[in-house]
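J.: This is the structure, below, for whatever I ask next.
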Amino acid sequence: MRVPFVDLNAAYIELKAELDEAIQRVLDSGWYVLGAEVERFEEEFAAYCGARHAIGVGTGLDALTLALIALDIGQGDEVLVPSNTYIATWLAVSHSGALPVPVEPNEGTCNIDGTAIESAISERTKAIIPVHLYGQPADLDPILDVARGFGLAVVDDAAQAHGAEYKGKRVGTHADATAFSFYPTKNLGAFGDGGAITTNCDNLARKIRLLRNYGSQQKYVHEIAGFNSRLDPLQAAMLSVKLARLDDWNNRRRDIAMEYTRAISRSPLQPVALIKGVNPVWHVFAVKHPDRDNFRNRLEASGISTMVHYPVPPHMQAAYANLKLPPSSLPVAKKLGQELLSLPIGPHMKADEVEYVAECIVKYS
Ligand SMILES: *Cc1c(COP(=O)(O)O)cnc(C)c1O
């Protein structure tokens, strides 16, 4: 049996009639930038997250960047970021003009360690970006407490966590602003790039709407020096179709995660630890193995494709050589990059595929 890491085509096959209709509707409308389709999806997504506002933008990276800029973060400021995240979290800080300051994760949960945050705060620190890595919400309450105490903004990176719950509430309203990505592989993925910011703050929403559209609300009137980063109406129309399926798809991921968790309990593998009060959406199902690469090769030889999220942390990338952070300066991020392995997971995996992966991870670990 061959089990691919992801099967993006399966969602299109499931929803082909509705998606084709949505595309045709946009083509027929003669309206190809922002407009009714984008507004409709924004309303649906805001309602789904329980937020007052959702603003559709070009990418998840832009969602983070524009949220930071809207919060007046820029040159001379520092923003705390997890040391073990996809590099976009750091790049958003860099593109705002501020400096990313890494904080190590809790080795069990792989999410930012709330107790390590305070010692990373300087007089230049303006914000914290917790990442809900792999679809498990970071422990937000202690982070929000520290932020309040020091007068810092919090923008959470929910690129992997559409629909995930923290203390009974979906992510998207706990912090000042929440950034989402609709990159095709994400739990809610477009057929191309896309992103959104949710917030309950009217002022922030208004500013982000300006920033994504040349600083303009009224054509040829430019209030601020904005960008061009708008969610595409074709993508918005298709995202509306997929949003209606998101809960079912997340629940299917939860079932698969439960089956893997049962198998892992009979193996030497270490799962990512879950905290109380969260309901994760399993964007990624990661396990730790001390001899990860050999384990990975054995699975590959059995037809099971896996990935590593992420093999080389941002501080060890050439893009951040200027920060002069030696690899050993963030040992937890480095170690996780060597030991973690992500198993295939997705709403369209067949029962026999899940069973086969569960069997093989016990047999080959
Ligand atoms: C995917 C991702 C992003 C970036 O999203 P894009 O839409 O690809 O720009 C940011 N942060 C995390 C944690 C991600 O997984």
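The values are calculated or read from the model by the stated rules, or taken from the named source; none is laboratory data. Quick caveat, the model's predicted, so the values are computed rather than measured. So basically every Cβ, Gly included, is an ideal-geometry build from the backbone, and we count neighbours across all protein chains shown. What goes into the accessible areas is simple: the full protein's heavy atoms, side chains included, and nothing from ligands, DNA or RNA. Shrake-Rupley method; radii C 1.70, N 1.55, O 1.52, S 1.80 Å.
J.: Select from the range 82-103 the residues that are out of contact with any Pro (no Cβ under 8 Å at 6 or more places or on another chain) and under 13 Å from residue 133 (Cβ atoms) and list them in ascending order.
T.: Those that are out of contact with any Pro (no Cβ under 8 Å at 6 or more places or on another chain) and under 13 Å from residue 133 (Cβ atoms): 86, 88.
J.: Still on this structure: In the range 174-211, which residues are of a type in the set (D, E, K, R) and within 30 Å of residue 346 (Cβ to Cβ)?
T.: Result: 186, 193.
J.: Considering only residues that are in a helix (DSSP H, G or I), hydrophobic (A, V, I, L, M, F, W, C) and open to solvent by less than 50 Å² (accessible area, probe 1.4 Å), which ones fall in the range 292-312?
T.: Answer for the range 292-312, where residues must be in a helix (DSSP H, G or I), hydrophobic (A, V, I, L, M, F, W, C) and open to solvent by less than 50 Å² (accessible area, probe 1.4 Å): 295, 299.
J.: Same structure, new question: Please pick out the residue among 262, 252, 292, 298 that is touching a residue at least 40 places away in the same chain (Cβ under 8 Å) and touching a Pro at 6+ places or on another chain (Cβ under 8 Å).
T.: From the options 262, 252, 292, 298, the qualifying one is 252.
J.: Taking the condition of being within 9 Å of the ligand (Cβ to nearest atom) and outside any loop (DSSP other than H, G, I, E, B), how many residues in the range 83-101 meet it?
T.: So the answer is 4.
One line per residue, one yes/no per condition, for (1) away from the ligand (no atom under 16 Å from the Cβ); (2) touching a Leu at 6+ places or on another chain (Cβ under 6 Å); (3) of a type in the set (S, T, N, Q); (4) more than 19 Å from residue 36 (Cα to Cα):
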site	(1), (2), (3), (4)
161	no, no, no, yes
185	no, no, yes, yes
219	yes, no, no, no
243	yes, no, no, no
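J.: Quick one: which residue in 267, 229 is surrounded by 15 or more Cβ atoms within 10 Å (Cβ to Cβ) and more than 19 Å from the chain's Cα centre (by Cα)?
T.: Sole residue among the options that is surrounded by 15 or more Cβ atoms within 10 Å (Cβ to Cβ) and more than 19 Å from the chain's Cα centre (by Cα): 267.
J.: Could you look through the range 313-330, keep only residues that are assigned to a loop (DSSP other than H, G, I, E, B) and in contact (Cβ under 8 Å) with a residue 40 or more places away in the chain, and pick out the one that is surrounded by the most Cβ atoms within 10 Å (Cβ to Cβ)?
T.: Filtering the range 313-330 for residues that are assigned to a loop (DSSP other than H, G, I, E, B) and in contact (Cβ under 8 Å) with a residue 40 or more places away in the chain, the one surrounded by the most Cβ atoms within 10 Å (Cβ to Cβ) comes out as 313.
J.: Working carefully through the options 192, 172, 163, 149, find the one that is surrounded by fewer than 20 Cβ atoms within 10 Å (Cβ to Cβ) and within 30 Å of residue 18 (Cα to Cα).
T.: It is 192.
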